[in-house]
Structure formats: structure tokens, C-alpha cells
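Read the structure below first, then the notes.
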Amino acid sequence: MPNQPIRILVVDDHQDIRDPLAAYLGRYGLQACTAGDAASARALLAQQHFDLAIVDVMLPGEDGLSLCRSMYEHMKVPVILLSAMTEPVDRIAGLEVGADDYVTKPFDPRELIARIKTILRRLRTTDGGAEPPSAGEPRYYYFDVWMLDLNRRELAHREGYTVELSAVEFRLLRALAEHPNMVLSRERLLNLTHRNDSTPFDRNIDTQMSRLRKKLGEKGRNARLLRTAWGDGYMLSAEVRRMPA
């Protein structure tokens, strides 16, 4: 555990939710700040460092999805979305804007604590909110004309432009790049991406692969890099060079 306390930003327009939740987090040694809307949250984010944010989707004014996307793209702060909406399409929307997890209301605060610990353990967040490789571990994966930056969580083309990846797409591509030229079943991909929980990621992995292919400029059956092993899973068909920071 770091010497400094873990700082959590709780963003919810219902005071009867955010204040008790902040107090509950404090019981586990987590230092919580609260905001009632996106504007207040942005003000706090501009002034302070946070290791993780818990954001309600249905905020007044700018909604939680928009705030989450901004935090993922510009601040790299891990986000857990809270929502009363339970349809798979709502969960998928949350994951695609960069959320690390999606918890439906009402929720058990003990489960939320467990999810926070899982995310922080997985990401080992720094000021940038990304997962810094340990000494000797790769930071960059080079394959074909692409470079996957594990620290920035970005995909860059050798011609100089970058391709925006959702949190789910990044985890999926990283898992494939770590096992090149190997067919990974859907179940195996779930294990490698740490998404074998209550999110709908497992039921929509084919959709995520289709979107990832489009971002790589690939088309369905003619895909050259992200290949489908029918009935088995997916494979990154390329030689991957791993380079340290």
C-alpha cells in the first residue's frame, strides 16, 4: 500500500447517497471528497489528485457518461459508474466511454469496496491514472504498423496518428498482444482482461472485437490482424515486439 492515503472522488447529486458513501469509504482508510454535479467534480479534479472516482450516471447538467469520458481521455482517472439503469445497453455505454466498472443501484457498499480494491490493485495508479510497468516489464507492444502504449493506454500508427480506444478495447487488445498468434477463447479473454464479473462484457465480446477491427482498419472476414477462430475465439496474427520504457 502507498504511504499516502488513497483518495476517492464521489460524484452523486443525491446527498443522502454521497455523504454516507464517503463516510463508509473512510472506515476502510479511503479518503473521500464529494461533489454534487460534474462542474463541481471538474473543479476538484483541477485542484487535487484522485486515485479513483465513483460517478453517478444521472447527474444534473453534464451527465456522468460525459464526465467519465473526459476523465478517461484527459486525466486517466479510473472510474466506477453508479446507475439505476440495469439494461445491458446502459452498461455497455458506460464501459465504452472508459469506465473501469459499472455498479447498479441499489448496491451493497461492501461489494463496492471490493471492486475499488480490485481496480486499484490492477491499475496500480499513479498521478496519470495509468498502469506503469514495473522495471524490466514492457511498456510498448509493437505489431505490424501499430504501437500499443501500456502507460498511456493509447494505440498509435507508425504514420504518427493515434486511435482512441475505450477501456474495454484497450484491455482486449492488450490481452491479444500479450499472446500473439495464439487463439484465445472468449472465456480466456475474460480472465485475461479481468472482466469475468457481473458486467455484460462477456456477452458482447464479439461486438467489441468488431469495433476494434474497424479502428485497426480491418473488415470482417478479410481481417488480417484480428482473426476469428470460428467456434473457438480470437487471435492477433502478428509478431509482437515488447519494448521497456
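Readers should treat all values here as calculations from the given coordinates under stated rules, not as data from a laboratory. Keep in mind the model is a prediction, meaning the values are calculated, not measured. A quick note on method: Cβ atoms are made from the backbone with ideal geometry, for glycine too, and the neighbour counts reach across all protein chains shown.
Remark on Met182: its backbone amide H falls under 5 Å from those of Leu236, a criterion applied only to residues 5 or more positions apart or on other chains, H modelled at 1.01 Å from N. Evaluated over the chain, the count of Lys pairs having alpha-carbon atoms less than 25 Å apart is 5 (only pairs 8 or more residues apart or interchain). Using the Cβ-Cβ distance between Asp19 and Asn151 with R0 set to 30 Å, the FRET efficiency works out to roughly 0.25. As a rough guide to protection, the peptides 205-215, 153-163 ranked by mean Cβ packing within 10 Å, highest first, stand as 205-215, 153-163.
With the simple model of a label 7 Å out from the Cα in the direction of the Cβ, Glu111 to Asp206 spans 2.8 nm. Note on the range 7-123: Rg/Rh from C-alpha atoms, Kirkwood Rh, equals 0.91.
With coordinates expressed along the principal axes, the C-alpha atoms belonging to the range 138-244 extend over 35, 29, 22 Å, beginning with the largest.
Comparing Ala114, Ala53, Ala223 in a Gaussian network model of the chain, where Cα atoms under 10 Å apart are tied by springs, the biggest mean-square fluctuation is seen for Ala114.
Put a dot 7 Å past the Cα of Asp63, heading toward its Cβ, do the same for Glu187, and the two dots end up 3.6 nm apart.
Each residue of the range 153-167 was assigned a 3J(HN,Hα) from its phi angle through the Karplus curve 6.51 cos²θ - 1.76 cosθ + 1.60 (θ = phi - 60°); the sequence is 6, 10, 10, 10, 8, 5, 7, x, 9, 10, 10, 6, 10, 6, 4 Hz, with glycine and proline shown as x. Length gained on full extension, Ser40 to Val89: 14.9 nm, using 0.36 nm per residue less the C-alpha separation.
Looking at the chain alone, DSSP beta bridges between its own residues are antiparallel in about 55 percent of cases.
Within the listed set Phe107, Phe50, Phe143, the residue fluctuating most in the Gaussian network model of the chain (springs between alpha-carbon atoms under 10 angstrom) is Phe107. For the pair Thr104 and Lys214, label points projected 7 Å from Cα toward Cβ lie 2.6 nm apart. Each residue of the range 209-217 was assigned a 3J(HN,Hα) from its phi angle through the Karplus expression (A = 6.51, B = -1.76, C = 1.60, θ = phi - 60°), giving 5, 4, 5, 5, 4, 4, 5, 8, x Hz with x at Gly and Pro.
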